[in-house]
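Working notes, structure below.
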Amino acid sequence: MEFLMAALIGVMFAAGTYMILRPSLIRVVMGFVIYSNAANLLLITCGGYSADWASPFIGVSEGTLMDPLPPDIILTAIVISFAVSALLLTVAYRVYVDHDTDDPEKLPPDSLA
Amino acid sequence: MIILPVLVPFLTLVLLALLNGFPRLERAVNLASCVGLSAFVFWLLGEVDREGIQAMVVGGWFAPWGIAFVADRLACIMLCLSMSVGTLVLVYACFTAEPRQERYFFHPLFQVLLLGVNWSFITGDLFNLFVAYEVMLIGSYGMMMIGASKQQVRQTFKYIAINSIGSTLFVAACGLVYATLGTLNMADIAVRSAQLEGDRAALVTAVSMLLMVVFALKAAAFPIFFWLPDSYPIVPAGLNGYFAGLLTKVGVYSLLRLFVLCFRQPGAELVLDVLLVMSGFTMLFGVLGALCQWEVRKILSWHIISQVGYMVMGIGLAAAGADVALAAVSATIFYVVHHIVVKSSLFLIGGIADRISGTQQLKEMGGVIDLAPGVAALFLVAAFSLAGMPPFSGFFAKLVLIRAGLADGQFAIVLVSLITSLLTLYSMSKIWSYGFWRSSSHAAPLGRYRGMMVPTAVLVAFTVAMGVAVEPFIRLANDAARDVVDPRAYQEAVLVPVPAPAASLDAGEAGAR
């Protein structure tokens, strides 16, 4: 299971990198979304998998308890990456409205240079 | 108690968001909060200096499990800088902020920034550090885009994109640290990594390398610095003083905290060696970038990069034996203090020069010395200090750093740092001779600037004071470095012995009922 997940995470990071390197703002946003999902999957995998582990309730569950920390961290990370990708998408749209293109190479030269 | 630097900005930002639309009231509340918190953090620094490290674990848990907040000397020094520079920048911004910016939540966003920066200094937990970074970054995204001109929007996209990719790597690194060490508490990381050996230690070094990339990105170290000169010039005048002073230094602080204090497995020096090489390139590329710019804010932004190189050099030198490491870390801390003060003041002076001459382009500026001799004097002091001329703080900062480098026998990096220092002086004299010297095309200053002089003069006075009365600052930097190089005091303060598990469980259940 871990090996399968590791392979999947690797593919997702590769896909995200490819998308981020494309000359298109919307693809950069999509690349970032893939990246953040890959990172969250990585966190889940770091917690480990086993069908024998019980839910983490002390005094209620029997046997080995699963580690509650990775899911806890992922919840926070999901909220943050959701908010940031929404913001990034909005900004990408504003750039498109301002300049009528989402190709960063076709943007007019920087006025500060 | 030590959580106040996080709590106060949070409550203030809620209040300020509600007060939006009443600019006078907002300014008063914002300033009162900043001044009050500044007083508190200076008191806290005194307290920590006398009594030792103070720690707090939230939520009724014990240290490796609960989220820890730790105030050691280094964290307190950074908090004092954050709050005092923040307060001065706010005073300055009261003279420069446009009504439109204040209507678009300038004041709440400013507190978000303070919240994130203070939080990342005081936290003792790696994942909590990530959250603090996000808060700080979201504040900076908002600030950068305030007003939303075409220029701002397109540069902010780059800034958000590069930083959010960095943050994703940060989350991934947190997971890998947890998987390899089984803890995210910084004091506990120091304990557990020191016990590792063989393959396990090498694995942790590899994971920590990923964290190093994240922090180097935030600190704008070579080769991931290119985002900085594009994004900082679009920050509203005044506020860019806070950005330039504090934001990249949060990255430097995290490098210092993680790689000197936390990761202690055999082979951890590898990361520091890589940092030392990176620091040389950072210095050189930063200053060379500055030399070919003709816009004041761009020149100053490139100098941030080159200065970050000096601080990273100090961290890299910490790989050597205990004595050299202590001297190097102490030099780094002193340099950070000097740099935050000087860099902020230079950006504020740049804003005043813009107000007087109506332009940021050096070739059109000219003659500020005729129109406003006081501003020229402030610039001269700050620029000399940045380049490292005695008797200002920059001279002593470079002196202690280079002595640490010579003690370690790293002559190449010392040579690079001296060349960089010379080129910095050249670059500053370019601003001086084009922007301040020549004759002016205006008969009088184009705008009112006297109010803006006050906070700037306070910062410049501080760099002079740090140079003239250098002893107490060096003493404080040495003491702060001792707690970072030797983690025992930090661990003892955070990892208090846990009471028997049964007792703590009963207490938890009683609390739940």
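Please treat every number below as a calculation from the coordinates, not as lab data. Bear in mind the structure is a predicted one, so any value in this text is a computation, not a measurement. We place every Cβ from the backbone using ideal geometry, glycine too, and count neighbours over all the protein chains shown.
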Take peptides B:364-375, A:8-19, B:302-313 and line them up by average Cβ neighbours within 10 Å, highest first, as a rough protection proxy. B:302-313, B:364-375, A:8-19
How large is the dipole of segment B:159-298 about the Cα centre if only Lys and Arg carry +1 and Asp and Glu carry -1, each at its Cβ, rounded to the nearest 20 debye? 280
Can you list residues from other chains, or at least 5 along the same chain, whose modelled amide H is less than 5 Å from the amide H of B:Arg438? B:Gly367
The relative contact order of segment B:201-250, taking Cα pairs under 8 Å that sit 6 or more residues apart, comes to a percentage of 33
Figure the gain on full extension for A:Tyr93 and A:Leu8 (residue separation times 0.36 nm, minus the Cα-Cα span) and round it to one decimal in nm. 27.6 nm
Which residue, chosen from B:Ser38, B:Met452, B:Met1, occupies the Cα position most advanced towards the positive end of the dipole of chain B, where the dipole is computed from +1 (Lys, Arg) and -1 (Asp, Glu) charges on Cβ about the Cα centre? B:Met452
For segment B:174-184, in residue order, the Karplus 3J(HN,Hα) values (coefficients 6.51, -1.76, 1.60; θ = phi - 60°; whole Hz; Gly and Pro = x) are 4, x, 5, 5, 5, 5, 8, 10, x, 7, 10
Let me know the mean shielding of B:170-183 by other chains, meaning the per-residue number of their Cβ atoms within 10 Å of its Cβ. 5
Could you check the simple spin-label distance between A:Lys106 and B:Leu422, using points 7 Å along Cα→Cβ, in nm with one decimal? 4.9
Please list, in order along segment B:36-43, the HN-Hα scalar couplings obtained from phi with the Karplus expression 6.51 cos²θ - 1.76 cosθ + 1.60 (θ = phi - 60°), rounded to whole Hz, x for Gly and Pro. x, 5, 4, 4, 5, 5, 5, 4
Averaged over its residues, how many other protein chain Cβ atoms are within 10 Å of peptide B:156-167's Cβ atoms? 6
Summing Lys, Arg as +1 and Asp, Glu as -1, what charge do residues with Cβ under 10 Å from the Cβ of B:Val153 carry, B:Val153 excluded? +2
Final fewest-first order of B:Lys150, B:Lys363 on the 10 Å Cβ neighbour count is B:Lys363, B:Lys150
Whose amide H sits under 5 Å from the amide H of A:Leu65, counting only residues 5 or more places off or on another chain, with H placed in the peptide plane? A:Ala54
List the aspartates and glutamates whose Cα lies under 14 Å from the Cα of B:Lys430, skipping any in the same chain that are fewer than 8 positions away. B:Glu295, B:Glu364
Report, in whole Å, the centroid distance computed from the Cα atoms of segment B:230-252 and segment A:33-71. 39
Under the rule a/c < 1.5 gives rounded, and otherwise a/b versus b/c splits prolate from oblate, where does the protein assembly as shown land using the Cα gyration tensor? prolate
Whether segment B:38-117 is rounded, prolate or oblate, judged on the alpha carbon gyration tensor where a/c under 1.5 counts as rounded: oblate
Counting pairs of alpha carbon atoms under 8 Å apart in space and at least six apart in sequence, what relative contact order in percent does chain A give? 26
Can you put B:Val400, B:Val342, B:Val336 in order of Cβ neighbours within 10 angstrom, beginning with the fewest? B:Val400, B:Val336, B:Val342
Proxy reagent accessibility, fewest Cβ within 10 Å first, across B:Phe462, B:Phe215, A:Phe57: A:Phe57, B:Phe462, B:Phe215
Compute the distance from the alpha-carbon center of segment B:58-75 to that of segment B:324-398, in whole Å. 36
Separation between the B:Cys292 and B:Ala17 pseudo-spin-labels, each 7 Å from Cα along Cα→Cβ, expressed in nm? 4.4
If you place +1 on the Cβ of every Lys and Arg and -1 on the Cβ of every Asp and Glu, how big does the dipole about the Cα centre of segment B:1-120 come out, in debye to the nearest 20? 280
Might you report the magnitude of the Cβ-based charge dipole of the protein assembly as shown about its Cα centre, with Lys and Arg at +1 and Asp and Glu at -1, to the nearest 20 debye? 1960
Rounded, prolate or oblate: pick one for segment B:1-64, where a ≥ b ≥ c are the square roots of the eigenvalues of its C-alpha gyration tensor, a/c under 1.5 means rounded, and failing that, prolate if a/b is larger than b/c, else oblate. oblate
Taking every DSSP beta bridge that has both residues in the protein assembly as shown, what percent is antiparallel when rounded to the nearest 5? 90
Could you give each residue of segment A:16-29 its phi-based ³J(HN,Hα) in whole Hz, using Karplus coefficients 6.51, -1.76, 1.60 with θ = phi - 60°, and x for Gly or Pro? x, 4, 4, 4, 5, 7, 6, x, 7, 5, 5, 5, 4, 4
If the viscosity is 1.306 mPa s and the temperature 10 °C, what Stokes-Einstein diffusion coefficient in µm²/s follows for segment B:262-358 when Rh is the Kirkwood radius over Cα pairs? 108
Towards the positive end of the charge dipole of chain B, with charges on Cβ (+1 Lys, Arg; -1 Asp, Glu), say which of B:Leu169, B:Val48, B:Thr248 has the farthest Cα. B:Thr248
With a 10 Å radius around each residue's Cβ, average the other Cβ atoms per peptide and rank B:219-225, B:387-393, highest first. B:219-225, B:387-393
Relative contact order %, segment B:1-157, counting alpha carbon pairs below 8 Å whose residues are six or more apart: 28
